[in-house]
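Single-structure report; data block below.
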Amino acid sequence: FFVGKRVFASTWPEDKYSFLADNLLPMVPSADMWKSQAISPSVSLMMNDENYLGLFAPLKDTQGQVLGNYAILRSVDKALAVQKNLQQTIIVIGIVGVAFALVMVLVISRRITEPLNSLVLGVQELAKGNLNVQVPVKTQDELAVLAQSFNRMIQGLQEKERVTNILGKYISPEVAKK
């Protein structure tokens, strides 16, 4: 509370009253303003390296005479500290979420590409004429069904090759291949 140029009461420590008065008195509205307004426009000020937002209002007696003024100050820095902390938390959560998503993408893509790569290698070996190739079946999904079918196809080709070789010993090779 201000009366004249002196601070009479504050939540600030008493040894800071003169500092408070020196910083706030230049911003206190004139007594004429209180005839038309009940509260001042907000003012920004810096005290102790901290930003404050302040409002002033008249301190009146029972007859409506202005005895002094009172100021309501709120530290903008302290108010925004919670928001800054929340922003940092959101950023950290976002980074962790993106990292988790990337790990999941890698795991899922590996689960898909590893069986496909095994199948491609098996097909390449078959194209070279290797009938002893087998594709490992590691999952229980569609790719496993495809790998099992490939392995059965290889077994069928091995069986055909074996029959052709046996028949080739007893009949002409052209007839055996048919």
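Checking every residue in the stretch 161-172 against the condition of being of a type outside the set (V, I, T) and either touching a Phe, Trp or Tyr at 6+ places or on another chain (Cβ under 7 Å) or in a loop (DSSP other than H, G, I, E, B) (or both) gives at least one match. Here the condition is being touching a residue at least 60 places away in the same chain (Cβ under 8 Å) and either among the acidic types (D, E) or outside any loop (DSSP other than H, G, I, E, B) (or both); of N85, N69, it holds for N69 alone.
Assessment of the stretch 44-59 against the conditions (acidic (D, E), closer than 19 Å to V76 by Cβ and open to solvent by less than 80 Å² (accessible area, probe 1.4 Å)) yields at least one matching residue.
Only residues that are under 30 Å from Y17 (Cα atoms), open to solvent by 60 Å² or more (accessible area, probe 1.4 Å) and of a type in the set (A, V, I, L, M, F, W, C) were counted across the stretch 67-89, and they come to 4.
Reported count of residues in the stretch 30-54, each being assigned to a strand (DSSP E or B) and of a type outside the set (D, E, K, R), is 9. Taking K84, is it modelled with pLDDT of 90 or more, closer than 30 Å to N51 by Cβ and among the charged types (D, E, K, R)? Answer is yes for this residue.
Filtered by the rule that a residue be small (G, A, S) and in contact (Cβ under 8 Å) with a residue 24 or more places away in the chain, the stretch 18-54 gives A31, S44, G54.
Pairs meeting the criteria (first residue in the stretch 132-151 and under 12 Å from L116 (Cβ atoms), second residue among the polar types (S, T, N, Q) and outside any loop (DSSP other than H, G, I, E, B), beta carbons under 8 Å, at least 6 apart or on different chains) are V135/S118; V135/N151; A147/S118.
Consider the stretch 135-155 and keep the residues that are more than 13 Å from G122 (Cβ to Cβ) and open to solvent by less than 40 Å² (accessible area, probe 1.4 Å). The one that is modelled with the lowest pLDDT is T139.
Candidates in the stretch 156-178 are the residues that are without any contact (Cβ under 8 Å) to a residue 12 or more places away in the chain and open to solvent by 100 Å² or more (accessible area, probe 1.4 Å); of these, the one that is nearest to the chain's Cα centre (by Cα) is K160. Checked against (1) open to solvent by 70 Å² or more (accessible area, probe 1.4 Å); (2) more than 30 Å from D49 (Cβ to Cβ), V92 passes all but condition (2).
The values are calculated or read from the model by the stated rules, or taken from the named source; none is laboratory data. Computed from a predicted structure; not experimentally measured. In this analysis, Cβ positions are derived from the backbone assuming ideal geometry, glycine residues included, and neighbour counts consider all displayed protein chains. Remember, those area values only see protein heavy atoms, side chains included, never the ligands or the DNA or RNA. Shrake-Rupley method; radii C 1.70, N 1.55, O 1.52, S 1.80 Å.
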